[in-house]
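To start, the structure itself, in structure tokens.
Here, each number is a calculation from the coordinates, and none is a lab measurement. Keep in mind that what you see is a predicted model, and the values were worked out from it rather than measured. Note that each Cβ is placed from the backbone with ideal geometry, even for glycine, and that neighbours are counted across all protein chains shown.
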Amino acid sequence: MYDYLIVGAGLYGAVFAHEATKRGKTCLVIEKRGHIAGNIYTENIEGINVHKYGAHIFHTSDRGIWGYINGFAEFNNYVNQPVARYKNECYNLPFNMNTFTKMWPDVFTPDEAKKRIEEERRESYKENPANLEEQAINLVGKTIYEKLIKGYTGKQWGRACTELPAFIIKRLPVRFIFDNNYFNDRYQGIPIGGYTAVVEKMLEGCEVRLNTDFFDDKENYLACAKTVVYTGAIDRFYDYRFGALEYRSVRFETEVLDTDNFQGNAVINYTDTETPFTRIIEHKHFEFGTQPKTVISREYSSAWKLGDEPYYPVNDEKNGKLYLQYKELADKEPRVIFGGRLGQYKYYDMHNVIREALNEAHRQLD
Ligand code: FAD
Ligand code: UDP
């Protein structure tokens, strides 16, 4: 009998397993995929760490979390500075003085940029923006909305900006200084050697079984440990009895190219409506790679159906209510902890996942 069965070798499961093992508990980790690390899995192709489930940039303002993750790898000084390509024009993101001066050649100073945005939003300003379109125009004016937001957001979410909640766009900084850093966080970087090595280190000393699905033998797995930490989908745990929670999915088209530098940046967003993908990732630039070849991934955002890889939880009212029904059942499970982005149906960044897993480990083990 193990102390803990951990379902899922993603970041949540690995942090929890590490903390439990460190305190002398016995853990069995089962993972349905053929590899560890969940969605932060990186695979080495042509000497380049390829982010197989989408680009992952570690960022946090929490000094404790930064210290914790640095215990498993050395981080480089990568700063995410994505570029937006709109037809034959290129702009810096997030929206900052570099964007404004390029968008409007007669704008040079913060005051001039603010004045221009003010003019552009005057016709349509809404005191309380009811949707993403209104919010975006309030923030950056109509031209930037049309060129850099409307098409990208429509592709990303499969819905018009008028049908989306305003808060989605509030994630992005708007700055009146020349600063292309996509994040406001104090700490940022990419683990040198890839994320898989980080998770491997976390799981040292734990028994890990790959290609092992909890639901192939649910009753026996539940019986094999005193406590179960479940990081799979919460609705699946209950056989979708109230219906399936919805996600947005992403399809990656990855290619090795015989050139050393395809686009000159790790992330280029395609913000027009016609280009079918949302962005192209050139993985080597996350680690300042100098390999002779390069690997790129085109990202296509897509609707999700049961059986597809779930990526982004859809945090609307309908799914929020459905999740609460499942959570009510989960709260009554004395021996099962539901953790991580699938277990808690939350869009957690990596630092949130580590914080959640450490808090749970503290509650359980100290
Ligand atoms: P997961 O990584 O999904 O791990 C869960 C594991 O459980 C999986 O390996 C799964 O196979 C396994 N599993 C599920 N069901 C079963 C079962 N029945 N039996 C056995 N195993 C099972 N965060 C950032 O901080 N920065 C970023 O730049 C960033 N970019 C992202 C880009 C994309 C496209 C996406 C989708 C997410 C991004 N994130 C980013 C978020 C990040 O991926 C998550 O915070 C993190 O991976 C969640 O870890 P987790 O352990 O909760 O989930
Ligand atoms: N966004 C946009 N244009 C861009 C980048 C982002 O309009 O070039 C919008 C889009 O609606 C997206 C939101 O800003 O959903 C948040 O962007 P972020 O990069 O944080 O999205 P993530 O993929 O990390 O959820």
Quick one: dipole size for the chain, taken about the Cα centre, charges +1 on Lys/Arg Cβ and -1 on Asp/Glu Cβ, in debye to the nearest 20. 480
Would you mind counting up the charge near residue 70? Only other residues with Cβ under 13 Å from its Cβ, with Lys and Arg at +1 and Asp and Glu at -1. 0
Find, to one decimal place in angstroms, the Kirkwood hydrodynamic radius of the range 143-251, where the mean of 1/r is taken over every pair of different Cα atoms and then inverted. 19.5
Which whole-number percent is the relative contact order of the chain (Cα, under 8 Å, 6+ apart)? 26
Counting DSSP beta bridges with both ends in the chain, the antiparallel % (nearest 5): 60
Of the listed pairs 32/155; 126/150; 114/147; 218/346; 114/155, which have alpha-carbon separations greater than 26 Å here? 32/155; 114/155
Highest-fluctuation residue, 319, 88, 98 considered, GNM on the chain with Cα pairs under 10 Å: 88
In debye, nearest 20: dipole of the range 289-337 around its Cα centre with unit charges on the Cβ of K, R (+) and D, E (-)? 140
Nothing charged except the Cβ atoms of Lys and Arg (+1) and of Asp and Glu (-1): what's the magnitude of the dipole of the range 170-279 about its Cα centre? Round to the nearest 20 debye. 620
Assertion target for 311, 347, ordered by fewest C-beta neighbours within 10 angstrom first, is 347, 311
For the chain, what mean projected area does the convex hull of the alpha carbons give, in nm²? 19.4
Sum -39500 (n - 2.57) across every DSSP H segment of at least 4 residues in the chain, then divide by the residue count to get the 222 nm mean residue ellipticity, nearest 500. -9000 deg cm²/dmol
In the chain, taking the dipole from +1 charges on Lys and Arg beta carbons and -1 charges on Asp and Glu beta carbons about the Cα centre, the listed residue (212, 359, 76) farthest towards the positive end is 359
Name the most mobile residue of 132, 324, 164, meaning the one with the largest mean-square fluctuation, in a Gaussian network model of the chain with Cα contacts below 10 Å. 324
